[in-house]
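The values are calculated or read from the model by the stated rules, or taken from the named source; none is laboratory data. Note that this is a predicted model, so its numbers are computed, not measured. All Cβ positions, even for glycine, are placed from backbone atoms using ideal geometry, and neighbour counts span all protein chains on display. For the accessible areas, the whole protein counts, side chains as well, though only heavy atoms, and no ligand, DNA or RNA atoms are used. Shrake-Rupley method; radii C 1.70, N 1.55, O 1.52, S 1.80 Å.
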Amino acid sequence: MSILGKLLYITVLLLNAICIPSEDRFLARVGLAPATYQRGFGQDVDSSVKYKIIQLIASVRTVMRVPLIIINTLIIIYELILG
Amino acid sequence: MQRATYGRSPPLHHPVPQHVSTVPQLRSPPPPTSQPIAGYDGSPYPQQQPQPPLPGANMFGQYGNFINDPAAQLASQFGQTAFRQGQEYIEQNVNRFVNVSALKHYFVVTNSYVINKLFLVLFPWRHKPWTRRQAAGPSGQEAWYLPPRDDINSPDMYIPVMSLVTYIFLQALISGLKGQFQPELFGYIATTALVAVVVEILGLKLGCYLLSVSNESQLLDLVAYSGYKFVGVIVTISIAEIVNGGKGTGGWIGWTVFIYTFLANSLFLMRSLKYVLLPENNSDSRGPMQTMHPLDSRTKRNQRTQFLFFYAYIVQLFFMWILCRS
């Protein structure tokens with residue numbers, strides 16, 4: 001497989017790793033769900049790194065959920081036939 | 001009209017080329033001539049013989065003033081308009097993705113700048129002022145960075161692009177000297193190098209997002225800075241190949257050169273990226289409504305310094321090792 005194919009697989013797997021974990025059971029327990037974030041006293045609204053990570057995870061989950069289903073299906077079919 | 005008083009002057013003509021009719025003969029296959037072979041001088045075409053100007057040789061007499069034709073003028077205007085519109089269309093669509101005028105700023109280099117910058121990338125130890133110089137505008141209000149021609153600390157794109165191309169050719173040359181050259185190697189090496197650059201830029205942008213470094217206009221700076229490591233990589237590969245006699249970039253000399261160029265490149269990046277990631281007037285530029293907590297600001301600065309260190313040393317070590325592998 002060429003290096004671009006590897007890169008595509010890496011990207012898709014990373015996106016899966018962000019999108020698949022359950023929000024209630026996993027992310028809330030680790031503290032990465034947007035509902036469970038509590039701001040510390042005297043902190044800026046959106047300056048802390050953790051808040052940024054939470055925002056990033058939430059937005060990636062929102063945007064990429066439906067496209068990832070399609071991409072995963074295509075890759076699974078490709079791997080079944082040609083892999 | 002005022003010259004009519006001097007008498008009957010001949011009518012004025014345009015300068016008409018007299019030898020135009022000889023040009024197609026030169027390009028056509030040699031006609032069967034009955035000339036002796038002695039005049040043959042290696043060219044199958046006949047020599048350009050001075051032909052007497054034919055009396056009716058005014059080829060353009062019929063079409064000489066075709067530019068005055070209204071239909072031709074219309075066509076010319078139409079062509080100009082179409083060309084201009086096409087150019088605008090291209091400019092719009094290119095400018096949507098790449099800011100061309102900002103990109104031109106990075107290619108304003110001179111020979112002395114290139115030599116000094118290469119020296120600076122390889123020997124950054126004694127260089128003293130690392131801040132970029134700014135030129136004040138005519139009103140004194142706005143300030144922009146000087147182009148690389150005037151400022152050695154300014155990033156440019158010329159050295160990264162040229163060293164990237166040189167790196168591709170150098171790797172292909174080395175594998176050719178080993179007798180393993182294939183044409184696909186160019187694509188493979190170029191893909192590896194470009195992927196390294198792109199992944200590095202993405203990681204840097206992610207770090208800037210997480211640390212809330214606002215630098216919309218400095219993406220091209222980051223691209224330029226991430227390309228300077230090819231200089232060290234090229235030096236490492238060539239010295240190691242020469243010393244090791246074409247057996248790869250191993251050996252203690254190869255590793256020493258690699259570590260030296262890696263440290264030089266890292267120091268260069270640390271010093272140069274400081275103004276991108278650690279802006280000094282961060283809290284000053286904000287309004288009084290958004291004054292930051294001093295402790296918060298200090299921790300943020302600490303985080304940014306750690307991120308800069310991580311990027312300049314560990315990430316660069318990884319990518320330079322990837323690129324130096326052969």
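Things worth noting here:
- Ranked from largest to smallest solvent-accessible area, with a 1.4 Å probe on the protein heavy atoms, A:MET64, B:MET320 come out as A:MET64, B:MET320.
- Going by accessible surface with a 1.4 Å probe and the largest first, A:TYR51, B:TYR209, B:TYR311 read B:TYR209, A:TYR51, B:TYR311.
- Chain B packed on chain A takes about 1100 Å² of accessible surface away from a 1.4 Å probe, both sides summed.
- Taking label points 7 Å from Cα along the Cα-to-Cβ direction, B:SER101 and B:LYS178 give a separation of 4.9 nm.
- Counting only lysines at least 8 places from B:LYS205 when in the same chain, those with an alpha carbon closer than 26 Å to its own are A:LYS6, A:LYS50, A:LYS52, B:LYS104, B:LYS117, B:LYS229, B:LYS274, B:LYS300.
- Label-point gap, in nm, between B:ASP150 and B:THR110 - each point 7 angstrom along Cα→Cβ: 1.2
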